Each structure stands twice: as structure tokens, then as C-alpha cells.
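J.: One structure follows; several queries about it will come next.
The values are calculated or read from the model by the stated rules, or taken from the named source; none is laboratory data. This is a predicted model, so every value here is computed, not measured. Cβ atoms come from the backbone with ideal geometry, glycine included; neighbour counts cover every protein chain shown. Note: accessible area is taken over every heavy atom of the protein model, side chains too, but ligands, DNA and RNA are not part of it. Shrake-Rupley method; radii C 1.70, N 1.55, O 1.52, S 1.80 Å.
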Amino acid sequence: MTIGSMILLVVAISLMMLLLWLNRIGKKYNQVNWGSSFLNKLDGIFRYYCLNFHRLKFKSVDGVSKGFNLPKEGGALLICNHMSGIDPFMLVSSCNRPIRFIIAKEEYERWYLKWMFKGAGCIPVDRTGRADIAFRQAKRALDNGEIIALFPHGRIHLDQEQPYRVKGGIKKMSEFTKVPVFVARLTGIKPEGGLFMPLFVRSNTVITQFPNLSYEYFSEEDSLLRLGELLLGHRSEL
């Protein structure tokens, strides 16, 4: 056997062992049924990665818990600040139900990720044109009892960046569907603002859950500004 053949054999065995390990991890840590065995294992791998590599912790304003206590049935909105490209992994790893993200169409269309976004039921929104199409899809999903997650500042938006106010889509969706709104703030991911680098930089990540909101909150003056300030850490309560 030549040296080249030996190297290929070692690489093949290593890849096989890695795949077997990932398969075992995926099965062990999976907590949510996404409708397919592959996505369920991917869920488990994400949870293991977030809990162990990023040392994900979850807390609420009332104390420490293991994750969002989403309703067993019925629709809900889940909103959070957006500080990196791995934020969705953190939210998925903190939920006891499948969640469908509203994401920018240009992100959804990335060829190497579209298969995952489509399999997870993500809803692409065209921020330059027909955003109403995504709104109708999200409303239909909420009416059917699903969980919709979105980052209401629209894109990666760090604490010090203006504007603090969130976009009006969350107000419109909440008032139309009248589902509860779960509110969370994500901190600790490094480097902040990174799209892919946070995948490889270990961090101490914390998700803080605040009291849920009802659609009536958005009838208050400056509700979008106060909510944005809460998500960006500029106030401790609404």
C-alpha cells in the first residue's frame, strides 16, 4: 500500500467515525420532532453544539429555567435581538417545539443553506418588494398553531447601533393574529456582528426571556421604541 493510499484510508475511516459520532449525538440530544429523521438529528447536533461549544444558558426575569416554555398547542410569536449568524441555532436549542423563522429572501436563497431553511419551514421575505406575501404566510402558520420566530430589527443589529426602534411588522402581525409574543435577548456570542466567524469562536451565550406580550401592548405610545430598547439592552423592562 502506498503512502497516498494509506492517507486516503485514514481520512475515510476518520470521516466514517465522525459521521457515526454525529449520528449518535443527534439522536441523544434531539428534543423536537421536525417531521423527518434527518432534521431531528440535525436538531440534536445543534443543541449539543450550542450547549457545549457556546455554553448556552437560559434564564428568565423570574429565575433560571431550561428554555422557553412555549404553549403545547397554539400559535405564538418569538422575537429576539440579532447579533450574529448563529442566533437561530441558539433559539432553536432553547425551544420545545419546532419554530419557523422569517428570514430575508437573499439569505434564504443561499444554495448551500436553502435545503435546511426549506426543510425547517422558514418563510422568506422580500425586503425590497412584496413583504406582504411573507406576512400572509406567517399569519396562516400562526392561525394553524405554529411558532413563528423573527428578529424585529430586520437584520444583524448590535446594541450600540441606531435606530433602537424595531420595525412595524411585529406590531401588525401581533394585532392581526392576537397570539402571545415571547420576548428574548441574546448576549455573549463572539465576535458580535459576525456571520460565519461565531461558528468557530467559543463563547458564553445567554438567552434572557422577558415577560410575554399581548397584542394590546402595541397600542401604547412608543411601543416599538421601548421594545427595541429592551431587546438591545437599553432598558430592563417595558
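J.: For the range 142-182, enumerate the residues that are out of contact with any Gly (no Cβ under 7 Å at 6 or more places or on another chain) and among the hydroxyl-bearing types (Ser, Thr, Tyr).
T.: Answer for the range 142-182, where residues must be out of contact with any Gly (no Cβ under 7 Å at 6 or more places or on another chain) and among the hydroxyl-bearing types (Ser, Thr, Tyr): just Ser174.
J.: Of the residues Arg185, Arg202, only one is assigned to a loop (DSSP other than H, G, I, E, B), among the charged types (D, E, K, R), closer than 26 Å to Asn96 by Cβ and in contact (Cβ under 8 Å) with a residue 24 or more places away in the chain; which?
T.: Testing whether each residue is assigned to a loop (DSSP other than H, G, I, E, B), among the charged types (D, E, K, R), closer than 26 Å to Asn96 by Cβ and in contact (Cβ under 8 Å) with a residue 24 or more places away in the chain leaves just Arg202.
J.: Which residue is farthest from the chain's Cα centre (by Cα), if the candidates are limited to the range 216-235 and must be surrounded by 17 or more Cβ atoms within 10 Å (Cβ to Cβ) and among the small types (Gly, Ala, Ser)?
T.: Ser223
J.: Could you tell me how many of the residues in the range 169-192 are among the aromatic types (Phe, Trp, Tyr) and surrounded by 18 or more Cβ atoms within 10 Å (Cβ to Cβ)?
T.: The qualifying residues number 1.
J.: List every residue pair whose Cβ atoms sit under 8 Å apart, with the two residues 6 or more apart in sequence or on different chains, where the first one lies in the range 2-23 and is within 28 Å of Tyr49 (Cβ to Cβ) and the second, anywhere, is surrounded by 10 or more Cβ atoms within 10 Å (Cβ to Cβ) and of a type in the set (Lys, Arg).
T.: Hits for this filter: Leu22/Lys41; Asn23/Lys41.
J.: Search the range 38-68 for residues being modelled with pLDDT of 95 or more, open to solvent by less than 70 Å² (accessible area, probe 1.4 Å) and not in a helix (DSSP H, G or I), and hand back the single one that is farthest from Thr187 (Cα to Cα).
T.: Phe53
J.: Can you tell me which of (1) of a type in the set (D, E, K, R); (2) surrounded by fewer than 14 Cβ atoms within 10 Å (Cβ to Cβ); (3) not in a loop (DSSP other than H, G, I, E, B) is the one Arg110 doesn't meet?
T.: (3)
J.: Here's another thing I want to ask about it. Need pairs with beta-carbon distance below 6 Å; first residue of a type in the set (Phe, Trp, Tyr) and within the range 114-142, second open to solvent by less than 70 Å² (accessible area, probe 1.4 Å); sequence gap 6+ or separate chains.
T.: The qualifying pairs are Phe117/Tyr108.
J.: Please verify whether the range 126-145 includes one or more residues that are in a helix (DSSP H, G or I), in contact with a helix residue (DSSP H, G or I) (Cβ under 7 Å, 6 or more places away or on another chain) and open to solvent by less than 20 Å² (accessible area, probe 1.4 Å).
T.: Scanning the range 126-145, I find at least one residue that is in a helix (DSSP H, G or I), in contact with a helix residue (DSSP H, G or I) (Cβ under 7 Å, 6 or more places away or on another chain) and open to solvent by less than 20 Å² (accessible area, probe 1.4 Å), so the answer is yes.
J.: Looking only at residues in the range 1-37 that are of a type in the set (Val, Ile, Thr) and assigned to a helix (DSSP H, G or I), which one is least open to solvent (accessible area, probe 1.4 Å)?
T.: Here the answer is Ile25.
J.: With the condition kept exactly as written, say whether any residue in the range 73-93 is without any contact (Cβ under 8 Å) to a residue 12 or more places away in the chain, farther than 24 Å from Asp159 by Cβ and out of contact with any His (no Cβ under 8 Å at 6 or more places or on another chain).
T.: no
J.: Turning to a different aspect of this structure: Take the conditions among the aliphatic types (A, V, I, L, M), open to solvent by 50 Å² or more (accessible area, probe 1.4 Å) and part of a loop (DSSP other than H, G, I, E, B) and apply them to Leu195. Does it pass?
T.: Numbers: among the aliphatic types (A, V, I, L, M): yes; open to solvent by 50 Å² or more (accessible area, probe 1.4 Å): yes; part of a loop (DSSP other than H, G, I, E, B): yes.
For Leu195, the condition - among the aliphatic types (A, V, I, L, M), open to solvent by 50 Å² or more (accessible area, probe 1.4 Å) and part of a loop (DSSP other than H, G, I, E, B) - is met.
J.: For the range 198-215, enumerate the residues that are surrounded by 16 or more Cβ atoms within 10 Å (Cβ to Cβ) and among the hydrophobic types (A, V, I, L, M, F, W, C).
T.: Once the filter is applied, which keeps residues that are surrounded by 16 or more Cβ atoms within 10 Å (Cβ to Cβ) and among the hydrophobic types (A, V, I, L, M, F, W, C), the range 198-215 yields Val206, Ile207, Phe210, Leu213.
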